[in-house]
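Every read-out reported here was derived from the displayed coordinates using simple, explicitly stated rules and does not represent laboratory data. Just so it is clear, the structure is predicted and the values come from calculations on it, not from any experiment. Please note: Cβ atoms are built from the backbone with ideal geometry, for glycine as well, and neighbour counts cover all protein chains shown.
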Amino acid sequence: MLDLGSRPLVMGVLNVTPDSFADPDHLSDPSRAITAAFDLEASGADLIDIGGESTRPGAEPVDADTEIARIAPVVEALRGRLRVPISVDTYKARVADVALGAGAAMVNDISGLQYEPELASVVAKRGAALVLMHTRGRSTDMYARADYRDLVGEVVAELRESIGRATAAGVPLECLLVDPGVGFAKRPEHSYGVLARLPEIADALQRPVLIGPSRKSFLQEAAGGADAARRDWPTAAAVTAAVLAGAHIIRVHAVAQMVQVVRAAEEVRKQSPAASSQL
């Protein structure tokens with residue numbers, strides 16, 4: 001059970017891959033990843049999202065066996081030792097089944113059930129929560145599909161389709177969260193547009209909203225061209241915008257710093273006349 005009504009939650013990113021786009025210290029060694037998970041919790045993370053496949057633009061996919069070999073030992077080692085829930089960042093049904101069986105409580109699906117619709121049945125069977133993210137295409141061609149006539153209308157319509165796939169497979173509506181997918185199948189102006197109009201998306205879908213702007217390429221210009229690991233200042237701005245817009249979960253890499261950003265932004269949000277209609 002997640003308390004999404006009192007304050008925005010911070011989800012810490014734990015990539016156990018050798019090619020993470022935003023982590024200078026790759027955590028493909030399970031023992032290092034386990035230590036990092038405890039560090040994220042100590043830094044204030046409310047959830048930890050463990051990923052075994054890079055989904056950055058242009059990344060090559062990995063098979064389910066490889067992803068399981070990366071994720072499962074970490075989830076199993078953390079089971080019962082963390083005070084916060086574990087999410088698994090995967091779109092593969094078999095990977096999710098193993099991870100949920102090992103102790104994860106949530107699946108974060110970047111494809112919104114487009115890649116493997118059978119993932120929904122796994123989540124329903126396991127009684128887990130499911131994040132449905134908006135994207136188009138795969139990592140190799142997502143920018144070619146970033147063509148919108150009505151950005152918010154199209155994102156909402158496509159997320160509604162994802163919600164429909166999930167509920168048809170037996171996932172209760174109250175177990176679903178949505179992520180409008182900043183940085184995925186979106187050019188910078190689209191990602192900024194989603195952040196600016198987040199209340200419209202939330203109002204239309206009536207589901208808790210997760211936002212993951214951390215260190216993504218749409219922030220590169222604001223960061224003066226810095227590489228991903230050095231984009232925490234513009235990330236802080238995007239996180240602030242997301243909190244002020246009513247996001248429920250903020251997914252970040254630099255947890256200790258962004259916990260402070262989220263707390264300060266939430267104090268501002270609570271003073272807004274519109275605050276009672278958010279969260």
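At GLU174 and ASP227, where each label point lies 7 Å from the Cα along Cα→Cβ, what is the point-to-point distance in nanometres?
Between GLU174 and ASP227, the simple spin-label model gives 4.7 nm.
Please tell me the relative contact order of the chain in percent, rounded to the nearest whole number, where contacts are Cα pairs under 8 Å and at least six residues apart.
Rounded, it is 20 percent for the chain.
Applying a 10 Å radius around every beta-carbon, put 182-189, 229-236 in order of their mean neighbour count, most first.
Peptide ranking by packing, descending: 182-189, 229-236.
Identify all lysines with a Cα-Cα distance to LYS216 below 28 Å; exclude those on the same chain that are fewer than 8 residues away in sequence.
Excluding near neighbours in sequence, the set is LYS92, LYS186, LYS270.
Which value in nm describes the separation of the simple spin-label points at ARG197 and ASP39, placed 7 Å from the Cα toward the beta carbon?
For ARG197 paired with ASP39, the spin-label model returns 4.0 nm.
Using Cβ counts within 10 Å as a stand-in for footprinting exposure, how do PHE38, PHE218 rank, fewest first?
PHE38, PHE218
Going by Cα centres, region 205-264 and region 138-204 are how many Å apart?
Cα centroid to Cα centroid, the span is 17 Å.
Report, in deg cm²/dmol and to the nearest 500, the calculated mean residue ellipticity at 222 nm for the chain, where each DSSP H run with n ≥ 4 adds -39500 (n - 2.57) and the sum is divided by the residue count. Mind dumping the intermediate values first?
Numbers: 9 runs with 110 residues, N = 279.
Computed ellipticity for the chain at 222 nm equals -12500 deg cm²/dmol.
Mind sorting ARG197, ARG215, ARG149 by how few other Cβ atoms lie within 10 Å of their own Cβ, fewest first? Intermediate values should be presented prior to the final figure.
Numbers: ARG197 15, ARG215 26, ARG149 6.
By the 10 Å Cβ count, ascending, the order reads ARG149, ARG197, ARG215.
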